Amino acid sequence: MNSAETAARALCPSPDVVARRVAGEYLLVPVRSGAAQMDYIFTANEIGSVIFQLLDGRREASEIARLVSQQFEVDEERAGADVLEFLGTLLDAGLVTPADPAVGR
Amino acid sequence: HGRTGGRRRAYEPPILRRVRLV
């Protein structure tokens, strides 16, 4: 999935990953050998955790960027670029998956 | 900025850290 496709598709956490919030940051642990990398655990910083929390299978990258720019001191354009890059990283790691297109309709 | 609500927090780019369990 390239960045244009990432921007246009709503994503949701992978069912193969358990997420737990610890001290304000997300700890992401693959629990099944699906797409996620079983030999790793992942942590996200504060902004990454906010983004991960917003992945409900309905919101697209632009909507997430708008919400991030409302909560943090960043303009929407930069937030958009950072959100896209972060979502690409999550996808590469197998921690998120494209949502069912029927969700949210 | 025309936004409603409270003070916005300091921003830093989102980071995903990866720790290998071997």
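Just to verify a result, which residue in region A:59-83, among those that are under 12 Å from the mean Cα position of the chain (by Cα) and more than 9 Å from chain B (Cβ to nearest Cβ), is nearest to A:TYR26 (Cα to Cα)? Write out each step before concluding.
Quick first cut of region A:59-83, residues under 12 Å from the mean Cα position of the chain (by Cα) only: A:59-61, A:64-65, A:82-83.
Still in the list and also more than 9 Å from chain B (Cβ to nearest Cβ): A:59-61, A:64-65.
Numbers: A:ARG59: 19, A:GLU60: 20, A:ALA61: 19, A:ILE64: 17, A:ALA65: 19 Å.
So, considering only residues that are under 12 Å from the mean Cα position of the chain (by Cα) and more than 9 Å from chain B (Cβ to nearest Cβ), the one nearest to A:TYR26 (Cα to Cα) is A:ILE64.
Quickly run through region A:47-68 and pick out the residues that are among the acidic types (Asp, Glu) and touching a residue at least 24 places away in the same chain (Cβ under 8 Å).
Our first condition is that a residue be among the acidic types (Asp, Glu); within region A:47-68, this holds for A:56, A:60, A:63.
Those that are among the acidic types (Asp, Glu) and touching a residue at least 24 places away in the same chain (Cβ under 8 Å): A:ASP56, A:GLU60.
Across region A:58-83, which residue is least open to solvent (accessible area, probe 1.4 Å) among those that are acidic (Asp, Glu) and farther than 16 Å from A:GLU46 by Cβ? Write out each step before concluding.
First pass over region A:58-83, keeping only residues acidic (Asp, Glu): A:60, A:63, A:73, A:75-77, A:82.
Next, from what is left, pick out any that are farther than 16 Å from A:GLU46 by Cβ: A:60, A:63, A:75-77.
Details: A:GLU60: 82, A:GLU63: 62, A:ASP75: 91, A:GLU76: 88, A:GLU77: 155 Å².
This residue is A:GLU63.
Is it the case that A:ILE47 is among the aliphatic types (A, V, I, L, M), closer than 22 Å to B:GLY6 by Cα and at pLDDT 95 or above? Explain how you work it out, then say what you get.
On the way: among the aliphatic types (A, V, I, L, M): yes; closer than 22 Å to B:GLY6 by Cα: yes; at pLDDT 95 or above: no.
Spelling it out, it is not the case that A:ILE47 is among the aliphatic types (A, V, I, L, M), closer than 22 Å to B:GLY6 by Cα and at pLDDT 95 or above.
Could you look through region A:1-37, keep only residues that are within 12 Å of A:LEU91 (Cβ to Cβ) and among the hydroxyl-bearing types (Ser, Thr, Tyr), and pick out the one that is modelled with the highest pLDDT?
A:SER14
The values are calculated or read from the model by the stated rules, or taken from the named source; none is laboratory data. As the structure is a prediction and not an experimental result, all values here were calculated from the model. Neighbour counts are summed over all protein chains in view; Cβ atoms, including those assigned to glycine, are modelled from backbone coordinates with ideal geometry. In case anyone asks, the SASA skips ligands and DNA or RNA and just uses the protein heavy atoms, side chains included. Shrake-Rupley method; radii C 1.70, N 1.55, O 1.52, S 1.80 Å.
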